[in-house]
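Reviewing the structure listed below.
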Amino acid sequence: MKKFLMLMMLGLFVQTAWAQYYSFGIRTGINANKLIPNSDDLKNDGYKYGLVGGAFLRLGVGNWYVQPELLISQKGANMKGSGNFTNIETVKRNINSLDVPILLGRRVLGKVVRVNAGPVLSFPYSVKEEATDSNGQTVTTDYEVKNSTIGYQAGIGLDFGKLTIDARYEGSLSRLGKGSYQVFNRTFKADDRVSTFQITLGFKIIGE
């Protein structure tokens, strides 16, 4: 992870030196999260919605640009038991994460439409998971996340002057949890993944 960060910082330094245009701004929006579980005994129960917001810097040469971002992102999952564990009514997982996407993009229709994709580094800083059984009893599980994970983002964006709109998909390249955790004395592996659909509205404070 450290080597990857160093390579990304070097790439940004080179891009900054060659940039013909730049913009700095803020963006905020909504995450729609789903879990990719590593067990047949837990399954998704709809989307888990959360907020996302932060800052972005866009450095461009011609129609190409690099866009690093720093975001606070709410992720997680809504699950329920299946198979032999149907007595588990709900499992609600809430994760707060510091995300660092580093995207390579291209304008494809003038200065309005663009596409982008690239890696995203995530640093979860808080997690809480609660489970409720068929008797209405609610417990907090011992689910733990890794200190950092890596994934990818890909999407499309629109620019209207100072306003920006982005729609993206985020997938995981590494497992989110570590070890195992218990839900009502039943043990589950924690090596699952989260997939996220994200829509944001942004504003360019500086630049074009």
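Overview of results
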| item | result |
| --- | --- |
| In the stretch 188-203, the residues that are farther than 16 Å from Leu71 by Cβ and either buried (at least 16 other Cβ atoms within 10 Å of the Cβ) or hydroxyl-bearing (Ser, Thr, Tyr) (or both) | Phe188, Ala190, Asp191, Asp192, Arg193, Ser195 |
| Single unsatisfied condition, Leu98 versus (1) at pLDDT below 90; (2) surrounded by fewer than 20 Cβ atoms within 10 Å (Cβ to Cβ) | (1) |
| Meets criteria (in contact (Cβ under 8 Å) with a residue 60 or more places away in the chain, among the aliphatic types (A, V, I, L, M) and closer than 23 Å to Glu69 by Cβ) for Leu121 | yes |
| Residue selected from the stretch 169-187 under the condition part of a strand (DSSP E or B) and surrounded by fewer than 22 Cβ atoms within 10 Å (Cβ to Cβ), by the criterion modelled with the highest pLDDT | Tyr169 |
| Selected residue (criterion: nearest to Val100 (Cα to Cα)) from residues of the stretch 29-54 that are charged (D, E, K, R) and surrounded by fewer than 18 Cβ atoms within 10 Å (Cβ to Cβ) | Lys43 |
| Exclusive hit being assigned to a strand (DSSP E or B), over 26 Å from Gly29 (Cα atoms) and touching a residue at least 24 places away in the same chain (Cβ under 8 Å), set Thr200, Thr196, Thr164, Thr132 | Thr132 |
| Residue within the stretch 105-115 that is without any contact (Cβ under 8 Å) to a residue 24 or more places away in the chain and part of a loop (DSSP other than H, G, I, E, B) present | yes |
| Residues located in the stretch 188-208, provided they are among the basic types (Lys, Arg) and either at pLDDT 95 or above or under 19 Å from Leu109 (Cα atoms) (or both) | Lys204 |
| Near pairs, Cβ below 6 angstrom, 6+ apart or cross-chain, from the stretch 63-84 (at positive phi) to any residue that is surrounded by 14 or more Cβ atoms within 10 Å (Cβ to Cβ) | Gly76/Asn33; Gly76/Lys48; Gly76/Arg93; Gly76/Asn94; Gly76/Ile95; Gly83/Asp41 |
| Of all residues making up the stretch 110-131, the number that are of a type in the set (D, E, K, R) and within 30 Å of Gly60 (Cα to Cα) | 2 |
| Subset of the stretch 133-147 (residues that are crowded, with 16+ Cβ neighbours inside 10 Å and farther than 21 Å from Ser122 by Cα) | Asp133, Thr141 |
| Evaluation of Gly118 against (1) closer than 21 Å to Thr196 by Cα; (2) not in a strand (DSSP E or B) (one fails), failing number | (2) |
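Residue-by-condition table, conditions (1) acidic (Asp, Glu); (2) modelled with pLDDT of 95 or more; (3) part of a strand (DSSP E or B):
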{"site": "Thr28", "(1), (2), (3)": "no, yes, yes"}
{"site": "Ser39", "(1), (2), (3)": "no, no, no"}
{"site": "Gly50", "(1), (2), (3)": "no, yes, yes"}
{"site": "Tyr65", "(1), (2), (3)": "no, no, yes"}
{"site": "Ile72", "(1), (2), (3)": "no, yes, yes"}
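The values are calculated or read from the model by the stated rules, or taken from the named source; none is laboratory data. Source: prediction; values computed, not measured. So basically every Cβ, Gly included, is an ideal-geometry build from the backbone, and we count neighbours across all protein chains shown.
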